[in-house]
Amino acid sequence: MLEKLRSGELYDPGAEELMELQLGCLDRLYEFNATRPTEQKRREALLREMFAEIGEGCYIEPPLHANWGGRFVRFGKHIYANFGLTLVDDTQITVGDHTLFGPNVVVATGSHPLAPELREQGLQFNAPVRIGRNCWIGAGAIILPGVTIGDNTVVGAGSVVTKDLPANVVAVGNPCRVLREIGERDRQVYFRDRRIPPELLEE
């Protein structure tokens with residue numbers, strides 16, 4: 001059953017062998033969410049236990065919601081997640097270095113068949129999500145199963161990402177579509193007409 005969970009096949013998420021494993025993961029997630037803001041070292045230690053992989057310098061603001069407490073999640077280095085990140089991590093979620101999550105983002109790998117007879121049986125299937133390096137996922141965005149987002153891409157607040165997005169673009173809307181490429185003006189102006197000090201872009 002655990003192999004079906006990760007392979008995209010239909011399976012029963014309420015199977016006893018899965019529930020026992022999942023409850024252990026959720027207990028650890030409960031511990032993480034119950035930590036005090038001053039318990040940074042404990043949070044870091046818990047995340048290393050919870051996630052399949054998590055790089056240095058990652059910071060996740062509680063509350064974190066995750067079906068499997070991060071068991072199938074791989075985070076690179078220096079990732080920041082604001083309050084209320086939801087990871088429907090029934091299969092692999094992979095996130096590249098330096099990516100930012102705004103508040104209340106949902107990354108979902110789990111889904112259900114359209115055939116009502118199968119849903120009545122409680123069946124589910126999962127498809128992995130991959131988010132590239134140095135992305136910014138805006139507040140309230142929803143990323144659906146099977147989506148891949150390329151490096152450096154910005155997803156606008158409130159967007160619903162139903163299909164793959166290429167690298168180096170700004171994408172917005174429901175369904176989320178590419179608005180434009182990230183260009184030279186973005187290296188001159190950071191907000192409206194506020195200019196970026198040149199020394200910040202020097203290598």
**Message:** Cβ neighbours within 10 Å, averaged per peptide: list 92-99, 186-193 in order, most packed at the top.
**Reply:** 92-99, 186-193
**Prompt:** Which Cα, out of TRP68, LEU85, GLN22, lies furthest along the positive dipole direction of the stretch 1-152 (beta carbon charges, K/R +1, D/E -1)?
**Reply:** LEU85
**Cα long-axis angle, helix 40-50 against the chain (0 to 90 degrees, to the nearest 10)** = 50
**Item:** Dipole magnitude (debye, nearest 20) for the chain, charges at Cβ of Lys, Arg, Asp, Glu
**Value:** 660
**Item:** Average Cα contact separation per residue, the chain, under 8 Å, 6 or more apart, as relative contact order %
**Value:** 13
**Fill in**
Expressed in nanometres to one decimal, the distance between label points 7 Å along Cα→Cβ at LEU201 and GLU117 is 6.0
**Prompt:** So what does the Cα-only Debye profile of the chain read at q = 0.08 Å⁻¹, as log10 I(q)/I(0), no solvent term?
**Reply:** -0.30
**Request:** Calculate how steeply helix 16-33 sits against the longest principal axis of the alpha-carbon atoms of the chain, using the helix alpha-carbon long axis, and give the answer as 0 to 90 degrees to the nearest 10.
**Result:** 40
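Bear in mind these aren't lab numbers, they're just calculated from the coordinates by the rules spelled out. Remember, it's a predicted structure, so these values are computed and weren't measured experimentally. Reconstructed Cβ throughout: ideal geometry from the backbone, glycine too, with neighbour counts over all protein chains shown.
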